[in-house]
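> Submitted below is the structure of interest, expressed as C-alpha cells.
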Amino acid sequence: MNAHAARTRLLVAALAGEPYVRDDRGYELLVRSAREADLLGRLAWRYASTGRIDEVPDAARAHLVGATNRGRAQHAAVRRETQAIADALRSVHTPVVLLKGAAYLLAGLPPAHGRLFSDIDILVAKERLGDVEAALMLAGFATTHLHPYDQRYYRRWMHELPPMLHLKRQTLLDVHHTIVPETSGVALDARELFRAAVPIAGTPFLVLSPLDMVLHSATHLMHNEEFGHGLRDLVDVDALLRHFGADPRFWPRLAARAGDLDLGRPLYYALRTASRVLGTPVPEETQRAIGRYAPPLPVRALMDRVLERALAPASASAATRWARRALYLRGHWLKMPVPLLAWHLAFKALRRDVEPA
Amino acid sequence: MIVADLSPSELRHRLRHEGLRLCLGPVAAEIRSPFPVVEAGIALHYARHRIVADDAFADFHVSVEPPFGIRRYVGPQALFRFDGSTTFHPLPAAQAFPLLEWGLNWCVSAQCDHFLVLHAAVLERAGQALLLPAPPGSGKSTLCAALVARGWRLLSDELAILDLDAPRVHPMPRPISLKNASIDVIRTFWPNAAIGALVPETLKGTVAHVRPPAESVARAGDAASVCFVVLPEFVHGASTAMQPVGRGEAFMRLVDSSFNYAVHGRAGFDALGALVAHARCRTFRYGGALDEATRAFDALATS
C-alpha cells in the first residue's frame, strides 16, 4: 500500500472506533495524523465514546486529553459567541442561518462530537448584508483583509464578506450570503436555502434543511481550494449522511435537490469519496440517480486518485502535497471564470504587501 | 543514550535523514534540519539530552529547513515546520537555531492542552520550585541565568508546564535565551557559562543561548512542587527589593502570563487558586545588581 493510503487507513480505522495501532510508534503516527487533519478532538471523542481510552498509552493519551480540553473550551466559546451574535442581530429582524460547525453544535448533530473550531459561519439574505455588517460592527466585530483588492475580491466576487474579527474576544466570524462564490457559475438561488431552513429550538437561529446541509458540506469539501481540512470535511459529510440517512425520506430526495440547486457534481464526488474512503453507506438508487452528474470516465479516474492522495495527512508523502496543489488550482478554476482567475492570480503574485507589525 | 554519545557524522545524519528524537522533559520531539548552525547549536546546547528509544513515543515532529524556490539560494531563509505545515514566516538562515528554539516553545505553548502552560522561568532549590512569570523586558531570562549560575536547578527559562491536579511543575531544561545587553551581563556574572553563537538582527535583537547545566538536564524527569511565585520587574538603576504580594494579584499575573488558561475553564481557575494558596508570592524589583538579586532569592529559599 502507498504511504498516503496507509496513513489515511490508520486514521480512518481509529475514527471508526476500530483502531489497529498497538505500539507507541503506531500511536505516535496516529496522533500526528489526526492532529494534521484537525481530527484530534474527533479521535479523542471516539476513543472515549467506545470506552477504549484506557487502552491508549499515557504519552499518546495526554494528547487526546488535551484535544478534549480544547474542544470543550471551544464548544463553550461557540455557544457564548453565537449568543453574542444573536444579541447583536436582534434589531436587524432577519433570519440568520448557522452553517457548518456552529450549526452542528447548536442543533446537536453528530459531526459536533469532538469537533475543533477555527471560526463561526452564518448565512444571511444578500439584501440585508449591509444591515447585518453594521450591526455586527456595533457589537465589536471589525472587518479584516484591509487591502482594497481583498475587500473588493470578497464583496464583489465571493459568497461572503471578508472575515470579521471580534476586537476583544478575537473570534472569527464569516458572514455568507450564499454557499458558493458568485463567480462560480453555479445557478443556485440562496432564497431556496432560506425557504427550506429549519429553526433550532430554543435559539433565534435556523439551520439548513438536512438535504441542504449535506449539499453544503459536500460543496464545501469539493469547492474549497485549501484541502488541509479535506478529511475533516469528509468526516462531516459521512456523519451527516449516516444521521439523516436513517430517515427513509432522506435518500430518495437527495439527488433531486442537488439538481435543483445545481450542486450535482460536488454531491457526486462527495458521495463517491465518502463511500470509498470512509465506507459511508449510499443506497444503490441514490448512486444510480447521481450517476448523471458524474464527469467523463478519465476525469473520474484522475479525481479518484488525486482526492485519495489529498485526503491523507500532509506529512504522509510528497504525492499528498502535489495533489493538494492540484486541488488548489481546481478550486480556483471552479470559483471564477478564466479571465477573472488570470487577473486574480496575477494580482496576488505581483502585489507587495506591507508585513503586519 | 545522550546526544554527546553520537559522533558528529551520526548527529548530522540523524538531523538530515531519520530525525533526532530528543527527550525534552514531559515531551519528546523529532527534529530535522540540514543547517550546520542548527547542528552546531544542538551539539552544544543539547549535548546531555537523552535520545528517546527507537520504539518510544515522540510528541512533535519539527524541522527547520530551507523553503522551496529561489530563497534557497538568494538571501537564504529558514522555515519552521510542524507536522508538515508552516506556522511562522521564514527567517534569515543565520537565525535557524533560534527559530528551532522558538518553534519548540510554540509546540508546547500551543499543543499541550493536557497541561496548564505559562510563560515563566522555573527554577528549583531544595525541592522547592520557583516560578518567575513575566512579560518580555522584565529581565526574567537574565535573572534565571544568574540564579542557575548560583546553583539553582534550571527547569525552564520560558515555560512553566503545570499539572492541573496539584501545584506541580514539569522541567523542560533547554538553552536559556539571552538578548542584547544581558548577554555580556551574564558573561561577566557567570564566566563559566557555555554561551553559543551570537545571532544578530533577529526580531528580538541579538540573541545568544546558554547551555543548561548537565545536572539540570539529568533531572529532566523530576517534577517539583511550586513553593514560590515571584513577579520580577527590572527598573534600570533601582535598588533590590522583594515584597510580599497578595494572592489575588499573583493569581491575575499568572492568568495574564498563561497560554491556555481559558482552555481549562474551572479546572484552570482551581489549579492556579491552589497554586497561589500553596506558594509564597512576592514582587521583586531590581536594577541590574545580580549578586544582590540572587542573594535575595537565596534568602527567600532558606527563610
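> Could you compute the net charge surrounding A:R300? Neighbours are other residues with a C-beta less than 15 Å from the C-beta of A:R300; K and R count +1, D and E count -1.
After counting each charged neighbour, the total is +4.
> Now for a different question. Separation between the B:A277 and B:A56 pseudo-spin-labels, each 7 Å from Cα along Cα→Cβ, expressed in nm?
3.5
> Another question, if that's okay. What FRET efficiency, computed as 1/(1 + (r/R0)^6) with R0 = 35 Å and r the Cβ-Cβ distance, is obtained for A:R242 and A:F347, rounded to the nearest 0.05?
Approximately 0.25, to the nearest 0.05.
> The stretch A:6-44: which residues show an accessible-area loss of 40 Å² or more, assembly versus chain alone, 1.4 Å probe?
Relative to the lone chain, where solvent access is computed with a 1.4 Å probe, the stretch A:6-44 loses at least 40 Å² at A:D24, A:R25, A:E28, A:R32, A:R35.
> Post the alpha-carbon centroid distance, the stretch A:17-36 to the stretch B:100-149, in whole angstrom.
30
> Loop-only check: which GluC sites (Glu not before Pro) in the stretch A:173-262 are DSSP coil with at most 15 other Cβ within 10 angstrom?
Those satisfying the criteria are A:E225, A:E226.
> How do B:16-29, A:126-139 rank on mean C-beta neighbours within 10 Å, highest first?
So the order, starting with the most tightly packed, is B:16-29, A:126-139.
> Inside 10 Å of the C-beta atoms of B:57-65, what's the mean count of C-beta atoms belonging to other chains?
Per residue, the average neighbour count from other chains is 4.
> So if each residue of separation counts as 0.36 nm, and I subtract the Cα-Cα distance between B:A40 and B:E233, what length gain in nm does that give?
Answer, rounded to one decimal: 66.1 nm.
> On to the next question. Starting from the Cα of B:K179, draw a straight line to each of the aspartates and glutamates and keep only those under 16 Å, dropping any in the same chain fewer than 8 residues away.
Once the sequence-local aspartates and glutamates are set aside, what remains near B:K179 is B:E101, B:D157, B:E158, B:E201.
> Collect residues whose amide H, placed 1.01 Å from N in the peptide plane, falls under 5 Å from the amide H of B:T202; neighbours closer than 5 in sequence don't count.
Amide H neighbours of B:T202: B:V207.
> Label A:R90 and A:M137 with points 7 Å out from Cα along Cα→Cβ: what is the distance between them in nm?
Spacing of the two 7 Å Cα→Cβ label points: 2.3 nm.
> List every residue whose amide H lies under 5 Å from the amide H of B:A28, counting only residues 5 or more places away in sequence or on a different chain, with H placed 1.01 Å from N in the peptide plane.
B:D59, B:F60
> Shifting gears a bit: What does the average come to when, for each residue of peptide A:56-67, you count the partner chain Cβ atoms lying within 10 Å of its Cβ?
The mean count of partner-chain Cβ atoms within 10 Å per residue comes to 4.
> Can you give me the Cα centroid spacing of the stretch B:4-19 and the stretch A:258-313 in angstrom?
Between the Cα centre of the stretch B:4-19 and that of the stretch A:258-313, the gap is 46 Å.
> List, in the order given, every pair from A:K168/A:K335; A:K126/A:K168; A:K168/B:K204; A:K348/B:K140; A:K100/A:K168 whose Cα-Cα distance in the structure shown is over 31 Å.
Correct reply: A:K168/A:K335; A:K348/B:K140.
> Sum up the charges of everything whose Cβ sits under 12 Å from the Cβ of A:D238, counting Lys and Arg as +1 and Asp and Glu as -1, but leave A:D238 out.
+2
> Can you tell me the order of B:115-124, B:49-58, A:264-273 when each peptide is scored by its average per-residue count of other Cβ atoms within 10 angstrom, highest first?
B:115-124, A:264-273, B:49-58
> How do B:265-274, A:38-47, B:32-41 rank on mean C-beta neighbours within 10 Å, highest first?
The peptides rank, most packed first, as A:38-47, B:32-41, B:265-274.
> In sequence order, what are the phi-derived ³J(HN,Hα) couplings for the stretch A:83-98 according to the Karplus relation 6.51 cos²θ - 1.76 cosθ + 1.60 with θ = phi - 60°, rounded to whole Hz, with x for glycine and proline?
Values per residue, Gly and Pro as x: 5, 5, 5, 4, 4, 5, 9, 4, 6, 7, 6, 9, x, 10, 9, 7 Hz.
> If you don't mind, there's one more thing I want to ask. Between the alpha-carbon centers of the stretch B:187-224 and the stretch B:228-281, tell me the distance in whole angstrom.
Centre-to-centre (Cα) distance: 25 Å.
> To continue, here is another question. Across peptide A:294-301, what mean number of C-beta atoms from other chains lies inside 10 Å of a residue's C-beta?
Average per residue, whole number: 0.
The values are calculated or read from the model by the stated rules, or taken from the named source; none is laboratory data. Every value quoted in this text rests on a predicted model; they were computed, and no experiment measured them. Don't worry about glycine lacking a Cβ; one is built from the backbone with ideal geometry, like all the others, and counts go over all protein chains shown. Ligands, DNA and RNA are stripped out before the accessible areas are found, and what is left, the full protein with its side chains, is counted by its heavy atoms. Shrake-Rupley method; radii C 1.70, N 1.55, O 1.52, S 1.80 Å.
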